[in-house]
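Quick note: the coordinates plus some simple rules give every number you see, no bench work behind them. From a predicted model like this one, the values you see are computed outputs, not experimental measurements. Note that we place each Cβ from the backbone using ideal geometry, even for glycine, and neighbour counts take in every protein chain shown.
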Amino acid sequence: MLKAAGYIESYINGDHHIFKKTGRRSIPVPYSHLKDAIRIGTYRSIIRSIKEAN
């Protein structure tokens with residue numbers, strides 16, 4: 001979803017993957033191999049961040 005919007009994974013800090021796009025703010029995405037999915041509130045926050053950045 002983020003990669004389709006033009007974001008690239010910049011680095012990983014702990015269990016957070018940080019995605020960046022030139023001229024836009026970074027979007028942290030929590031990810032753990034212990035979980036199969038992210039929580040719905042986190043997903044909505046990521047979607048909202050993408051929409052605000054565009």
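Here are some notes:
- Taken as a whole, the structure places Ser26 among residues that are loosely packed, with under 15 Cβ neighbours inside 10 Å, within 10 Å of the chain's Cα centre (by Cα) and among the small types (Gly, Ala, Ser).
- Members of the stretch 37-51 found to be surrounded by 10 or more Cβ atoms within 10 Å (Cβ to Cβ) and either in contact with a Leu (Cβ under 7 Å, 6 or more places away or on another chain) or in a helix (DSSP H, G or I) (or both), listed by number: Thr42, Tyr43, Arg44, Ser45, Ile46, Ile47, Arg48, Ser49, Ile50
- When the stretch 1-36 is filtered for residues that are over 15 Å from Lys51 (Cα atoms) and part of a loop (DSSP other than H, G, I, E, B), the ones remaining, listed by number, are Gly14, Asp15, Thr22, Tyr31, Ser32, His33, Leu34, Lys35, Asp36.
- Filtering the stretch 8-33 to residues that are farther than 17 Å from Arg44 by Cβ and touching a residue at least 24 places away in the same chain (Cβ under 8 Å) leaves Lys21, Arg24, Arg25.
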